[in-house]
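Below: one structure, written as C-alpha cells.
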Protein chains: 2
Amino acid sequence: MNVKPQEHVKVLINYLEQFVKVPEVMAKLIIRETTVIELKKRKHLVSPLDLKPNLYFILTGSVRGFDRDDHTDITSWIAIEGQIVGLTLYSSPTAHGRRQYIETLEDSRAIMIPNALVNTLFTLFPEMGTIGRKLLWLHYYDAEERNYLTRLSSAEKRLRRMIHTHPQFYYRTPIKYLASYLGMRMETLSRLRAQISTEKVMV
Amino acid sequence: MNVKPQEHVKVLINYLEQFVKVPEVMAKLIIRETTVIELKKRKHLVSPLDLKPNLYFILTGSVRGFDRDDHTDITSWIAIEGQIVGLTLYSSPTAHGRRQYIETLEDSRAIMIPNALVNTLFTLFPEMGTIGRKLLWLHYYDAEERNYLTRLSSAEKRLRRMIHTHPQFYYRTPIKYLASYLGMRMETLSRLRAQISTEKVMV
C-alpha cells in the first residue's frame, strides 16, 4: 500500500533529515504514529502529571517552558515554529521538586510525537540514536546560551543579547513572560523597550 | 602485548560504562591516547583560541566555565571530580561573540581526552554514539537546572536551591565565582552565608 504522507509530516521528516537520512520504513512509521494537533493560546502541552511526556514539533505558533514557583511562575525557555520541544521533561528524572509545564503562547499547530513512538524508534533504528544526539547538541547549545544570557550583569545587556540571538522572541512574546525569561521586572523591560524603539526612530 | 591500564584511566572507563559496555579494543585505544595532567589552581584548561578543544575528565579538584564580558567575567557553570567537561565549547559553532574559558578553581588532576581521539571513537565505535547521547542528557539536564536556578526570583532562593542540588559548590567555590554563578553580588552572598551559618548553629 502506498502511504501518501501528509504535508505536515513531510516538514518533520525534512527537519530530521538535517541530522541523518531517515530510512523509508522509519518515515512511514513516523507518518502513521504522529498526529497534528491545533491548540489555542495559553493551553498546556505538557504538565508535571505527564510521567511519559510526548515530544512536539511546532508547525506554527510559539510555546514556553515554565516552572511554578510558589504563586508565580518562571519562564525558562521559549520556542517557535520549526523546533522540537519536550526534551526538558525527558531529561528530568529527578526534578528536585520542580513542576514543569509547556504551554502555547499563541494559537499553535504542532505534530505530537508520542513517547512510545520515540522509544520504538530508538529500539528499531540506529539512525534515531544519531538524531537524538544531534538534537541534544542543539538543545544543549541553546540551554548554554540561556545560561550565559541570564548571567549578564545588566538588564539592558540581557535584552540586547536576546534581540541579537533570537529577534523573534522580542516581537512575539508577551511582555510578562519575556521579562521572566530575561530575569528582569516587567517595568524594566517596558522602559528598555521604549528606549530601544526611540533609538530606531532616530536612526 | 598486554597493556596494563593505569588506575586513573580505569576510573574513566568505569565512568563511561555507566552508559554502555565499552569494548576492549575501544578501552585500549582510550588508555593509549589519553594523558593525565596536573594543574595548579587558576590555570586555563580551555580558551577561545582552542578551535578543536579537548575534553577533560576531572579526577580531583574543580573547574569553572566562564565568559569574558568587557572587563569582568561570568561564571556559567562549575564542575567537580568525576565529571567530563569541555562539551560547551564543542557545542558552540556560532558563539555570537562569546569568549569561553575553562579554568581550575583548585589544584586539580584531569585526564585529557584529545579532540582527535573523540572523533576517532565516534567513527570506529557505535558505542561512542550512545555514550555521546547519554552524556549530553546529563549535561543538558544540568544546564536546564542552571537555567531554572538563575531565574528564581530572590537571591536567597537561588542560594538555597543550589545548596540543595549541589552542596559541594557551596563549600568549595571561592565566593567571587559563586556569586557570579548565582547571579548575585558578592555582598549579597556574604550576607546570606552569614545568615545560613547562624541557622545551623541554632539547630
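The values are calculated or read from the model by the stated rules, or taken from the named source; none is laboratory data. This is a predicted model, so every value here is computed, not measured. Positions of Cβ are backbone-derived with ideal geometry, glycine not excepted, and every protein chain shown enters the neighbour counts.
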Fill in the blank from the handout: In region B:49-77, anything among the basic types (Lys, Arg), within 28 Å of A:Ser154 (Cα to Cα) and surrounded by fewer than 16 Cβ atoms within 10 Å (Cβ to Cβ) is listed as B:Arg68
Fill in the blank from the handout: In region B:162-177, anything touching a residue at least 60 places away in the same chain (Cβ under 8 Å) and either among the charged types (D, E, K, R) or within 11 Å of chain A (Cβ to nearest Cβ) (or both) is listed as B:His166, B:Arg172
Exercise for the section: For A:Tyr15, state whether it is away from every other protein chain (no Cβ under 13 Å) and either surrounded by fewer than 16 Cβ atoms within 10 Å (Cβ to Cβ) or outside any loop (DSSP other than H, G, I, E, B) (or both). Expected result: yes
Exercise for the section: Kindly indicate whether any position in region A:138-149 is more than 13 Å from A:Val63 (Cβ to Cβ), of a type in the set (Lys, Arg), touching a residue at least 12 places away in the same chain (Cβ under 8 Å) and not in a loop (DSSP other than H, G, I, E, B). Expected result: yes
Completion exercise
For region B:113-143, the count of residues that are within 9 Å of another protein chain (Cβ to nearest Cβ), closer than 21 Å to B:Thr88 by Cα and in contact with a helix residue (DSSP H, G or I) (Cβ under 8 Å, 6 or more places away or on another chain) equals 9
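Which one of B:Ser190, B:Ser180, B:Ser108 is within 14 Å of chain A (Cβ to nearest Cβ) and small (Gly, Ala, Ser)? Walk me through how you get there before you give the answer.
Numbers: B:Ser190 fails: within 14 Å of chain A (Cβ to nearest Cβ); B:Ser108 fails: within 14 Å of chain A (Cβ to nearest Cβ).
When all the criteria are applied, what remains is B:Ser180.
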Exercise for the section: Considering each residue of region A:156-171, count those that are touching a helix residue (DSSP H, G or I) at 6+ places or on another chain (Cβ under 9 Å) and of a type in the set (S, T, N, Q), and give that number. Expected result: 1
Exercise for the section: Would you point out which residue out of B:Ile131, B:Ile175 is farther than 22 Å from A:His96 by Cα, in the same structural domain as B:Ala27 (by TED's automatic domain parsing), of a type in the set (Val, Ile, Thr) and out of contact with any Gly (no Cβ under 8 Å at 6 or more places or on another chain)? Expected result: B:Ile131
Problem - Selection within region B:142-172 - buried (at least 19 other Cβ atoms within 10 Å of the Cβ) and touching a strand residue (DSSP E or B) at 6+ places or on another chain (Cβ under 6 Å) - result: B:Asn147, B:Tyr148, B:Arg151, B:Phe169
Problem - Residue check for A:Arg146: at the interface with chain B (Cβ under 10 Å from one of its Cβ atoms), under 19 Å from the mean Cα position of the chain (by Cα), within 30 Å of B:Tyr177 (Cβ to Cβ) and of a type in the set (D, E, K, R) - result: yes
Practice task
Would you be able to say whether some residue in region B:150-161 is hydrophobic (A, V, I, L, M, F, W, C), within 9 Å of chain A (Cβ to nearest Cβ), in a helix (DSSP H, G or I) and in contact with a Leu (Cβ under 8 Å, 6 or more places away or on another chain)?
Solution key: no
Exercise for the section: Would you check if there is a residue in region A:76-94 being facing chain B (nearest Cβ under 10 Å), in contact with a Lys or Arg (Cβ under 8 Å, 6 or more places away or on another chain) and in contact (Cβ under 8 Å) with a residue 60 or more places away in the chain? Expected result: yes
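Quick one: which residue in B:Ile84, B:Ile78, B:Ile113, B:Ile102 is closer than 30 Å to B:Pro23 by Cβ and touching a Phe, Trp or Tyr at 6+ places or on another chain (Cβ under 6 Å)?
On the way: B:Ile78 fails: closer than 30 Å to B:Pro23 by Cβ; B:Ile113 fails: touching a Phe, Trp or Tyr at 6+ places or on another chain (Cβ under 6 Å); B:Ile102 fails: touching a Phe, Trp or Tyr at 6+ places or on another chain (Cβ under 6 Å).
On inspection, the qualifying residue turns out to be B:Ile84.
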Practice task
Look at A:Glu187 and say whether it is at pLDDT 95 or above, of a type in the set (Asp, Glu) and not in a helix (DSSP H, G or I).
Solution key: no
Practice task
Could you list, in sequence order, all residues of region A:62-74 that are at pLDDT 95 or above and among the polar types (S, T, N, Q)?
Solution key: A:Ser62
Problem - Which numbered condition B:His139 misses (of (1) out of contact with any strand residue (DSSP E or B) (no Cβ under 7 Å at 6 or more places or on another chain); (2) at pLDDT 95 or above; (3) crowded, with 21+ Cβ neighbours inside 10 Å) - result: (2)
